[in-house]
1. Of the residues 72, 12, 38, which exhibits the maximal mean-square fluctuation in a Gaussian network model of the chain defined by a 10 Å Cα contact cut-off?
2. Starting from the Cα of residue 69, step 7 Å along the direction of its Cβ; do the same at residue 51; then give the gap between the two resulting points in nm.
3. Return the single residue from 71, 18, 34 with maximal mean-square fluctuation; model: Gaussian network over the chain, springs between Cα atoms under 10 Å.
4. With springs only between Cα atoms under 10 Å, which of 50, 73, 15 fluctuates most in a Gaussian network model of the chain?
5. Label-point separation (nm) for residue 25 and residue 62, each offset 7 Å from Cα along Cα-to-Cβ?
6. Quick one: compute the contact order of the chain, relative version, from alpha carbon pairs under 8 angstrom and 6+ residues apart, as a percent.
7. Taking a ≥ b ≥ c as the square roots of the eigenvalues of the Cα gyration tensor of the chain, is the shape rounded (a/c under 1.5), prolate (a/b larger than b/c) or oblate?
8. Tell me what the chain gives for mean residue ellipticity at 222 nm when only DSSP H runs of n ≥ 4 count, each as -39,500 (n - 2.57), the sum divided by the residue total, rounded to 500 deg cm²/dmol.
């Protein structure tokens, strides 16, 4: 608790604390990288690698989908339930 001379100073302090709390919450969000996924696969933590492929040409989406399905093995499955082609 802090005692201040005016309500303007109190609001300023409160806004700074609120901003700091927001920044700390944003830092907590975990971003998954391909390296992290690769490590999880090697450790046996990932059995299915669910992907959504989005492309602007139908042929390229299909070719990539087919290649990824061929990469599936007994360690990791690559099921592709959604293929999106944006025109």
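Only the coordinates and a few stated rules stand behind these numbers; no lab work does. Only a predicted model underlies this, so the values are computations on that prediction, with no experimental measurement involved. Neighbour counts run over all protein chains shown; Cβ positions are idealised from the backbone, glycine included.
1. So, out of 72, 12, 38, the one fluctuating most is 12.
2. Output for this residue pair reads 1.3 nm.
3. Highest fluctuation among the options: 18.
4. 15
5. 4.6 nm
6. Rounded, it is 28 percent for the chain.
7. Note, shape of the chain comes out oblate.
8. Calculated mean residue ellipticity at 222 nm is -17500 deg cm²/dmol.
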